[in-house]
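Following: one structure in structure tokens, then a few remarks.
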Amino acid sequence: MPTLTIDNLSVTIPDGSTIFEAAAQLGIVVPHFCYHHALGAVGACRMCAVTVVEGKMPGLKMSCMTPAEEGMVVETDTAQAMEFREHVGEWLMTNHPHDCPVCDEGGECQLQEMTISSGHGVRNYRGNKRTYQNQDLGPFIAQEMNRCIQCYRCARTYQDYCGGRDFGPMGSRQRVFFGRFTDGMLESDFSGNIVDVCPTGVLTDKTFRFKTRLWDLQQAPSICPHCSLGCATVPGGRYREIQRVVSGVNVQTNGHFICDRGRFGSSYVNHPKRPRQARVDGTNVPVAQALNRLRDKIAGVIAEHGPGAVAFVGSGRASLEANWLLKQWARSLKCPAPVFELHPRRGRAIRQAVGPLSSHLASLRQVRKSDLVLVIGADPLNEAPMLALALRQAVREGGRIVVLDPRPVDLPCVFEHHPLTQEQILCLLAGRCETGLLNNLLSELMTARRPVLVGGSDLLGGVGLQLLGHLTESCDNDDRYCLIHPLLPRVNSFGGGLLEDAPQEDLLERLENGRIKALVCLESDPGSEHPEAGRMQLALSRLDYLAVFDCLPTHATRRADLLLPTATTVEGDGVYINNEGRMQAFSAALQPGIPIAAVTAGQHPPREFMPETPGSQPQPAWQMLQDLLGERHSVTALRRAMEQSEPRLEGMSRLQPGDEGIKVAPQDPEPVEESTVEIWSQDGDLRLLPVQSCYGSEVASSLSQTVTPRLVTPRLMVHPQEAQQRHLQEGEDVTLKTAHGLFRLRLFCDERMATRRAIVPCLPGTPLEIFVPGGLSLPCDIEGGAS
Amino acid sequence: MSLWRDIKGTLQPFWVTLCNMMRRPVTVQYPEQKQQMAQRYRGRLMLTRDPEGHERCVACHLCSAACPVDCISMQAAEGDDGRRHAAWFRINFTRCIFCGLCTEACPTLAIQVTGEFELAGRDPLKLVWEKDDLLVDHGGHTPDYNFYRQSGVGVAAPRGGLPTETAPVDPKDLMP
Ligand code: SF4
Ligand code: SF4
Ligand code: SF4
Ligand code: SF4
Ligand code: FES
């Protein structure tokens, strides 16, 4: 822990830090380009020069490359250092096109800031400027190479940090170019991060092109709603339209980066079909009237049929506050407690993560630092992309990754893949099958210093996660825990699981036998979330009364007798609990309303005043639920009340949007229901596994028009061996026969996947929407030719 | 001493008045008579065009950022030729204090002051001017300046085609 003096201020910093980091700790920002917190220093730009006055090697030094030493005296503003930095600023600007007014970086341009702080103002260079031709990098990233200062941050991010292979530096001397070998969409699922790191306007967000300057952007720290990792984001918008999302910083979860689904998949907020009007029996009414009506209606049903006739459904999409208030409401009416996950098998998995596993949960940071990660039944790039990036960091630090999964798993790093089927994995975990592989892995886990097990809840289910829990416990030793990082279905699945008291009877059965007369859904859509989606939709169409709170257009909102429009994540405050039990708060960046651009078709905004903003009815669900309960507390008071009623939420009222979050208290060890291993009948030799795909499987990205170019088409994937046996060719249209019907799909073959399995992506809005991820594999058959 | 000063102070104003009584009056009989304002008078704003007749404004938002009363709003858009322009541009002259800060901020010299000051009216909405109202067909005080001929993004001239630029490099070239 050396102590040194910088600009007459003394600072003590951890061993191995540089002068640059020491200065940053004092709040002194030394001008810099190539240094980035997540990427470290490379000493390429020479902008960060300072003078070491006293130390082993006095003189002009690059602060980002020089280790801080005990007793060093450094000055950042000597004439020598300032002159040097001014020259560097001038050299970097020799080829700059000076087009700031038409550059999207304007307002957040590090080149502007650093050039000004370097002191350079007047161009002395009289030579001509070098120019480039630009490339088309696809729908997400715009490129203007003339602005480049060759700091290599983009290449270091794309290739080194994110493991992308199709973008990087090319050429020599004055011709160094950053791009792809040929035009085309960037392949990496983390491509958007090069926009955040590029200090100039070379790489900008194409979906945000010419929309808004930073100073006009309404922004707030938020949480990505697309998967259970809960990455920190900063959404921004203007004129009631969400326009972009950039990465927030949370060293415990995503670090400095986010995936492209989180970044570009937010236009669902602007979706033209979003529910924006409270509706009662087909008529638009004010929210207050709809709430009164709902209260009366539920009271009526209870008076007639008893409290058992009303069912409540919470969800992993709704905030913790809303779910908790729903539970309070159900309790005050003496109705059965809400179901928080409609998919029973997914629900069991969540209960495992929230309960028995809660003392061993690993954060993404711990995954990044791990030396052995066993990924079991998970496909990170498709289920939780930032996990794939965390795994890459583990490999970069010398860790090893072993994946057991039937899918053709792709990761941006070196890993070992065993394509086992779902039941093979479960058998293996239960110790019922050939255990050679498991024993090898176990002995590795025992000796690893920071082992982490990643478990995908969709494939493993509750039983699988429970077995994984036993495995971690058996690998614990005195020095360390063997940690587990479960992937859960939705952003707040953990929160829902935590509020659940006891497992409940499947909602579908209760609906089908007519015991339920009224159903209240909070940001959940039974018709697409329940594994028997078709039966569920039928049951809902026969239901007496359906009340829905939602912000997205779903089957349920279309069918609803009473609809209450809620605010999306970017329009309200709330708390989500991510897959490792971390409570994180988000706050509203925008007020709900129909985007001005949509109201005026891109023309001048209306000239007349209107008493009400069009489409501004949506409110955070917790506010409406408070109204129903006749309360009006501030969000802090509400959180305090929640802490008192749920001791595991301790600390919730101290959460600040944008902070690291607070982990929920682990559950006290208590005996859990012992379940039997799911072994299912194996009739037919081919079985179908519906899986999540990165874009378009969860409802928010399926409604985000911006990610359309990345959507996969409905398809069927098998091992080439299966295709050969059936005399089918890759690329031909085949018929998939299942209990849910016949589907015409294009056949794809991949030899990395398990044999005897057919894989389809779950895609709402396509014929494949009948398939819901999270279940056991289904019997199926494939036939070639016309059906 | 002070007595002399007092006498002078009493008589001098009479003298000034007397002199001016003999001069031609400077008062302009406004509104019957209109006045030509000074070149640098800061009146109503306009959006000018470059020498090639294109709209100068690139909707960079700098004028709206500089405006102390926040009376400028706009939305940028991209034309087919890659030209950034204002899809819509609005100045609310009921709020404008004619400080001219917007014109100082404008990097393309698009927004400029005119000598016009007769903006009073009964309907405030008539003072909310849209792009079509603001756009003129000349270059205002700076007829020669053309932003896109200064900055190298390949809009007015092909990429690398400005006199200050070299032709685009071939990054795949390996010659030393
Ligand atoms: S494109 Fe941006 S990040 Fe990459 S080298 Fe150029 S200036 Fe740096
Ligand atoms: S990994 Fe998940 S939470 Fe993180 S940015 Fe991507 S979709 Fe959002
Ligand atoms: S003259 Fe001043 S007040 Fe009027 S628009 Fe320009 S900056 Fe704003
Ligand atoms: S500063 Fe000039 S170019 Fe920029 S938006 Fe205003 S008028 Fe247009
Ligand atoms: S930041 Fe130190 S050399 Fe670039």
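The values are calculated or read from the model by the stated rules, or taken from the named source; none is laboratory data. Nothing here was measured: the structure is a model prediction, and the numbers come from that model. Please note: Cβ atoms are built from the backbone with ideal geometry, for glycine as well, and neighbour counts cover all protein chains shown.
Residue count for segment A:25-52 under the criterion of being in contact with a strand residue (DSSP E or B) (Cβ under 8 Å, 6 or more places away or on another chain) and in contact (Cβ under 8 Å) with a residue 24 or more places away in the chain: the result is 10. No other residue among B:ALA110, B:ALA38 is within 17 Å of the chain's Cα centre (by Cα) and at pLDDT below 95 apart from B:ALA38. Given the criterion crowded, with 19+ Cβ neighbours inside 10 Å, within 25 Å of the chain's Cα centre (by Cα) and not in a helix (DSSP H, G or I), identify the matching residue among A:VAL760, A:VAL734, A:VAL712. Going through A:VAL760, A:VAL734, A:VAL712 in turn, the sole match is A:VAL760. Return yes when B:VAL28 is surrounded by fewer than 19 Cβ atoms within 10 Å (Cβ to Cβ), away from chain A (no Cβ under 14 Å) and free of Cβ contacts under 8 Å to residues at least 24 places away in the same chain and no when it is not. Criteria met by B:VAL28.
Is it the case, given these coordinates, that A:GLY262 is under 19 Å from A:HIS485 (Cβ atoms) and among the small types (Gly, Ala, Ser)? So A:GLY262 passes the test. Scanning segment A:219-243 for residues that are surrounded by fewer than 22 Cβ atoms within 10 Å (Cβ to Cβ) and away from chain B (no Cβ under 14 Å), we see that the one that is nearest to ligand 2 (Cβ to nearest atom) is A:VAL234. Close Cβ contacts (under 6 Å, 6 or more residues apart or on different chains) running from residues in segment B:93-113 that are away from chain A (no Cβ under 14 Å) to residues that are of a type in the set (Gly, Ala, Ser) and near ligand 3 (Cβ under 8 Å from one of its atoms) comprise B:LEU101/B:ALA66; B:VAL113/B:GLY100.
Just one of the listed residues (A:ARG293, A:ARG365) is in contact (Cβ under 8 Å) with a residue 24 or more places away in the chain, assigned by TED's automatic domain parsing to the domain that holds A:LEU442 and part of a helix (DSSP H, G or I), and it is A:ARG365.
Considering only residues that are closer than 26 Å to A:TYR35 by Cβ and surrounded by fewer than 24 Cβ atoms within 10 Å (Cβ to Cβ), look in segment A:201-212 and name the one that is nearest to ligand 5 (Cβ to nearest atom). Going through the qualifying residues, I end up with A:THR204. Residue count for segment A:129-176 satisfying the condition of being facing another protein chain (nearest Cβ under 8 Å), within 13 Å of ligand 1 (Cβ to nearest atom) and on the phi > 0 side of the Ramachandran plot: 1. Only one entry in A:ASP216, A:ASP196 is of a type in the set (D, E, K, R) and within 20 Å of the chain's Cα centre (by Cα), namely A:ASP196.
The one condition from (1) modelled with pLDDT under 85; (2) over 30 Å from A:GLY775 (Cα atoms) that A:VAL672 does not meet is (2). Looking only at residues in segment A:177-193 that are within 13 Å of A:GLY138 (Cβ to Cβ) and away from chain B (no Cβ under 14 Å), which one is surrounded by the most Cβ atoms within 10 Å (Cβ to Cβ)? Restricting to residues being within 13 Å of A:GLY138 (Cβ to Cβ) and away from chain B (no Cβ under 14 Å), the top hit is A:GLY192. For the residues A:VAL491, A:VAL454, the requirement of being under 18 Å from A:GLY377 (Cβ atoms) and in contact (Cβ under 8 Å) with a residue 60 or more places away in the chain singles out A:VAL454. When A:PRO58 is tested against (1) away from ligand 2 (no atom under 16 Å from the Cβ); (2) touching a residue at least 24 places away in the same chain (Cβ under 8 Å), just one condition goes unmet, and that condition is (2).
When A:THR115 is tested against (1) buried (at least 21 other Cβ atoms within 10 Å of the Cβ); (2) of a type outside the set (A, V, I, L, M, F, W, C); (3) within 30 Å of A:THR253 (Cα to Cα); (4) away from every other protein chain (no Cβ under 14 Å), exactly one condition is not met: (3). Among all positions in segment A:131-154, there is at least one residue which is within 16 Å of ligand 2 (Cβ to nearest atom) and crowded, with 17+ Cβ neighbours inside 10 Å.
The residues on offer are A:VAL50, A:VAL73, and the sole one that is more than 14 Å from ligand 5 (Cβ to nearest atom) and over 32 Å from the mean Cα position of the chain (by Cα) is A:VAL73. Somewhere in segment B:124-135, is a residue facing chain A (nearest Cβ under 7 Å), over 13 Å from B:GLU55 (Cα atoms), acidic (Asp, Glu) and in contact with a Gly (Cβ under 9 Å, 6 or more places away or on another chain)? No, that holds for no residue. Annotation note: of A:GLU529, A:GLU473, the sole residue that is in the same structural domain as A:VAL403 (by TED's automatic domain parsing), acidic (Asp, Glu) and either under 27 Å from A:SER358 (Cα atoms) or without any contact (Cβ under 8 Å) to a residue 12 or more places away in the chain (or both) is A:GLU473. Of the residues making up segment B:140-157, none is at the interface with another protein chain (Cβ under 8 Å from one of its Cβ atoms), farther than 17 Å from A:PRO101 by Cβ and among the aliphatic types (A, V, I, L, M). Against the list (1) in a loop (DSSP other than H, G, I, E, B); (2) under 19 Å from A:ILE401 (Cα atoms); (3) β-branched (Val, Ile, Thr), the condition A:VAL491 fails is (2). Apart from one condition, B:PHE14 fits all of (1) at pLDDT 90 or above; (2) surrounded by fewer than 19 Cβ atoms within 10 Å (Cβ to Cβ); (3) within 29 Å of B:VAL155 (Cβ to Cβ); the exception is (3).
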